[in-house]
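J.: Sharing a structure here in structure tokens format.
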Amino acid sequence: MSTPRLPAFKDAAIELAAAGHQFYNRNWVLGTSGNLSAVVGRDPLRVAITPSGAHKGRLNGSELLEVDREGHVVHGEGRPSAETAIHLELIGIRGAGAVLHTHSVWSTILSDSHAARGGLAIEGFEMLKGLEGVTTHEHREWLPIVENDQDMSRLTPVILQVLTDHPSAHGFLLRRHGLYTWGQTIAEAERHVEILEFLLEAVGRGNDR
């Protein structure tokens, strides 16, 4: 499979802002929650990312920051999210072109109720076929659940180990926090958010029956 062409910073910023609006309108990033990023350069690594405290429903693209491999701002004004380190880790281990993080009600609830199991298994749903590489509803998707930690120097190695242990996972949950997923492009990552958020709500509502 050919590697998708990377977007220019300005184009990525506009596309991420549009994603922020969509996610806000669907109650997945209320308040200033969530963060969104996309790779705009590989050598050296450059990443467009939403700044800390940005309301995702009001983005116009001008707020986006460009950071380097260490998470230092090289373009734009503001402070990158404390979770920039997680985005950079996912870009490295998964070769992602975009990383999207939401704080939906269902991801928060299920990440807590299934935490003792270390993850959540989702299978038998037709919507699973929306995940990259999945061709049948019989697929079993395992969403690992990672205990949340405000200390990124402790949290990122844990995430790295979890993703190494589960190489086929399309995302993971931070307990009482939300969903992280990714894709080769912003569009693919958006699709994964939509699919996984649908599945989380379906599982959550099904458990209420």
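The values are calculated or read from the model by the stated rules, or taken from the named source; none is laboratory data. This structure is a prediction, so every number in the text was calculated from the model and none was measured. Cβ sites come from the backbone with ideal geometry, for glycine too, and all protein chains shown count toward neighbours.
J.: Can you pull out every residue in region 124-178 that is part of a strand (DSSP E or B) and among the aromatic types (Phe, Trp, Tyr)?
T.: Selection gives TRP142, PHE172.
J.: How many of the residues making up region 1-37 are among the aromatic types (Phe, Trp, Tyr), under 17 Å from VAL193 (Cα atoms) and in a helix (DSSP H, G or I)?
T.: Result for region 1-37: 2.
J.: If you don't mind, another one. Regarding GLU141, is this residue touching a residue at least 24 places away in the same chain (Cβ under 8 Å), touching a Leu at 6+ places or on another chain (Cβ under 7 Å), surrounded by 15 or more Cβ atoms within 10 Å (Cβ to Cβ) and charged (D, E, K, R)?
T.: It is true that GLU141 is touching a residue at least 24 places away in the same chain (Cβ under 8 Å), touching a Leu at 6+ places or on another chain (Cβ under 7 Å), surrounded by 15 or more Cβ atoms within 10 Å (Cβ to Cβ) and charged (D, E, K, R).
J.: Would you call VAL203 surrounded by 17 or more Cβ atoms within 10 Å (Cβ to Cβ) and part of a helix (DSSP H, G or I)? Quick ask: steps written out before the conclusion?
T.: On the way: surrounded by 17 or more Cβ atoms within 10 Å (Cβ to Cβ): yes; part of a helix (DSSP H, G or I): yes.
So VAL203 fits the description; yes.
J.: Which numbered condition in (1) small (Gly, Ala, Ser); (2) exposed (fewer than 15 other Cβ atoms within 10 Å of the Cβ); (3) modelled with pLDDT of 95 or more is the only one that GLY53 fails?
T.: Among (1) small (Gly, Ala, Ser); (2) exposed (fewer than 15 other Cβ atoms within 10 Å of the Cβ); (3) modelled with pLDDT of 95 or more, the lone unmet condition for GLY53 is (3).
J.: Follow-up question, since we're still on this one. Please determine whether any residue of region 82-96 is more than 17 Å from the chain's Cα centre (by Cα) and over 21 Å from ARG191 (Cα atoms). Working first, answer last.
T.: At the first step, the residues of region 82-96 found to be more than 17 Å from the chain's Cα centre (by Cα) are none.
Taking every residue of region 82-96 in turn, none turns out to be more than 17 Å from the chain's Cα centre (by Cα) and over 21 Å from ARG191 (Cα atoms).
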